[in-house]
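Comments concern the structure below.
The values are calculated or read from the model by the stated rules, or taken from the named source; none is laboratory data. Since this is a predicted model, take the numbers as computed values, not measurements. Ideal geometry is used to build each Cβ from the backbone, glycine not excepted, and the neighbour counts take in all protein chains shown.
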Amino acid sequence: MNADTFLRDLVTQLEPNATVVGIEERDGAYRVSVTGTIGVVAGCELPRAEVEAAEHGGEAHRRVASALKGCADAVMGGPEMAPQTPQRSERPGKAGSLLYLTGAGRASHGLPRR
């Protein structure tokens, strides 16, 4: 298996919603660019010798996986990105809380003016 395929497959295994958008090889290292659900691109630089050793498993595989997982986590939306649960109504079965009434509204509803 070549390094490109290995790195892409590993990112997908670690974080299925992350996508490798580029892998560049230069100066004895691979520069892996990853994007995720929040539209951010993060880059990881991995030594070529480490990636080649990682293809065979062992400690090198764990180190490369850890670096890629950190990169993927940086581009994925965490719990703070999830939609917020709507507040429950103070009046079940009716619309949300009442807005305060203006001066004219108070007079017409028999409420005292301030």
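For segment 11-39, what are the residues that are among the hydrophobic types (A, V, I, L, M, F, W, C), without any contact (Cβ under 8 Å) to a residue 60 or more places away in the chain, touching a strand residue (DSSP E or B) at 6+ places or on another chain (Cβ under 9 Å) and crowded, with 16+ Cβ neighbours inside 10 Å? ALA18, VAL20, ILE23, ALA29, VAL32, VAL34 - these are the residues of segment 11-39 that are among the hydrophobic types (A, V, I, L, M, F, W, C), without any contact (Cβ under 8 Å) to a residue 60 or more places away in the chain, touching a strand residue (DSSP E or B) at 6+ places or on another chain (Cβ under 9 Å) and crowded, with 16+ Cβ neighbours inside 10 Å. Return the residues of segment 29-78 that are assigned to a loop (DSSP other than H, G, I, E, B) and closer than 16 Å to ASN2 by Cβ; say none if nothing qualifies. Across segment 29-78, the qualifying residues are GLU55, HIS56. Among residues of segment 60-75 that are among the charged types (D, E, K, R) and surrounded by fewer than 17 Cβ atoms within 10 Å (Cβ to Cβ), none has a beta-carbon under 8 Å from a residue that is at pLDDT below 85 and not in a helix (DSSP H, G or I) at least six positions away or on a different chain. When you check ILE23 against the structure, is it of a type in the set (Val, Ile, Thr) and over 15 Å from ASP73 (Cα atoms), yes or no? Considered against the rule, which asks whether it is of a type in the set (Val, Ile, Thr) and over 15 Å from ASP73 (Cα atoms), ILE23 comes out as yes. In this entry, ALA42 is excluded by the filter for residues that are modelled with pLDDT of 80 or more, hydrophobic (A, V, I, L, M, F, W, C), out of contact with any Cys (no Cβ under 8 Å at 6 or more places or on another chain) and surrounded by 10 or more Cβ atoms within 10 Å (Cβ to Cβ).
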